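Data first, discussion second: the structure below is written as structure tokens.
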Amino acid sequence: LGHTISGLSISLSDLGNGNTDTGLFGGTRGALISNVGIIDPSITITGASTYTGALVGLAQDTNIYNSYVKSSDPTKKITSGSYVGGLVGGFGSGTLTGAGTSIISGSYANIIVEGDDSSGGLVGAVYRYPSGYENAIVDSYAKGNVTTINSMAGGLIGLVDSGNDGHINLNNVYATGN
């Protein structure tokens with residue numbers, strides 16, 4: 001892997017607007033991220049926060065290749081409000097004019113994820129607007145426990161919000177953990 005970051009630590013309190021977009025990259029639009037590894041991150045966001053992931057908080061029209069998040073230390077975890085994922089908090093396409101596909105490929109997360117709701121081992125929430133745009137997760141996986149206080153905990157994805165005639169393509173993906 002090309003770039004490795006060890007010990008990323010983020011600790012924030014919600015500033016009152018409930019939209020914090022937190023990660024190594026808080027938000028991306030039309031980005032390409034490849035060959036990035038994050039080892040032993042510790043991310044704690046308190047309050048009504050949204051979109052938290054170790055690599056990207058909110059990835060819009062973004063392609064992520066061969067990247068990972070991992071920790072064998074149970075005190076290192078990702079804890080936030082809604083849309084919490086090990087790799088990416090919110091992931092989707094169709095937000096930029098002319099953009100059409102968002103992909104996560106050859107990537108994984110092996111870390112504990114805790115959220116209020118819509119929390120997943122790899123991605124907290126996947127969305128797609130409008131019709132005609134696509135998301136795909138291929139050759140990727142999540143390991144580690146995922147817990148929520150309210151609802152929608154998924155080993156791989158916490159919530160798929162497909163909007164108008166939307167869907168996500170999953171190919172050669174899996175999740176383990178509790």
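How many residues are more than 13 Å from the chain's Cα centre (by Cα), at pLDDT 95 or above and part of a strand (DSSP E or B) if we restrict to segment 44-69? Steps first, please.
Taking segment 44-69 as the starting set, the residues that turn out to be more than 13 Å from the chain's Cα centre (by Cα) are 44-49, 61, 65-66.
Add one more test, that the residue is at pLDDT 95 or above, and what stays is 65-66.
Of the ones still in play, those that are also part of a strand (DSSP E or B) are 65.
Qualifying residue count, segment 44-69: 1.
Can you tell me which of ASN145, ASN110, ASN178, ASN172 is farther than 23 Å from LEU12 by Cα, modelled with pLDDT of 90 or more and of a type outside the set (Asp, Glu)? Quick ask: steps written out before the conclusion?
Numbers: ASN145 fails: farther than 23 Å from LEU12 by Cα; ASN110 fails: farther than 23 Å from LEU12 by Cα; ASN178 fails: modelled with pLDDT of 90 or more.
Exactly one residue qualifies, and that residue is ASN172.
For the condition over 21 Å from ASP40 (Cβ atoms), buried (at least 24 other Cβ atoms within 10 Å of the Cβ) and modelled with pLDDT of 90 or more, SER118 qualifies.
For segment 10-41, filtered to residues that are of a type outside the set (A, V, I, L, M), at pLDDT 90 or above and part of a strand (DSSP E or B), the residue that is nearest to GLY124 (Cα to Cα) is THR22. Candidates in segment 92-107 are the residues that are at pLDDT 90 or above and either closer than 13 Å to GLY23 by Cα or assigned to a strand (DSSP E or B) (or both); of these, the one that is most open to solvent (accessible area, probe 1.4 Å) is ILE103.
The values are calculated or read from the model by the stated rules, or taken from the named source; none is laboratory data. For clarity, every value in this text was computed on a predicted model and none was experimentally measured. So basically every Cβ, Gly included, is an ideal-geometry build from the backbone, and we count neighbours across all protein chains shown. When the accessible area is computed, the model is the full protein with side chains, heavy atoms only, and any ligands, DNA or RNA have been set aside. Shrake-Rupley method; radii C 1.70, N 1.55, O 1.52, S 1.80 Å.
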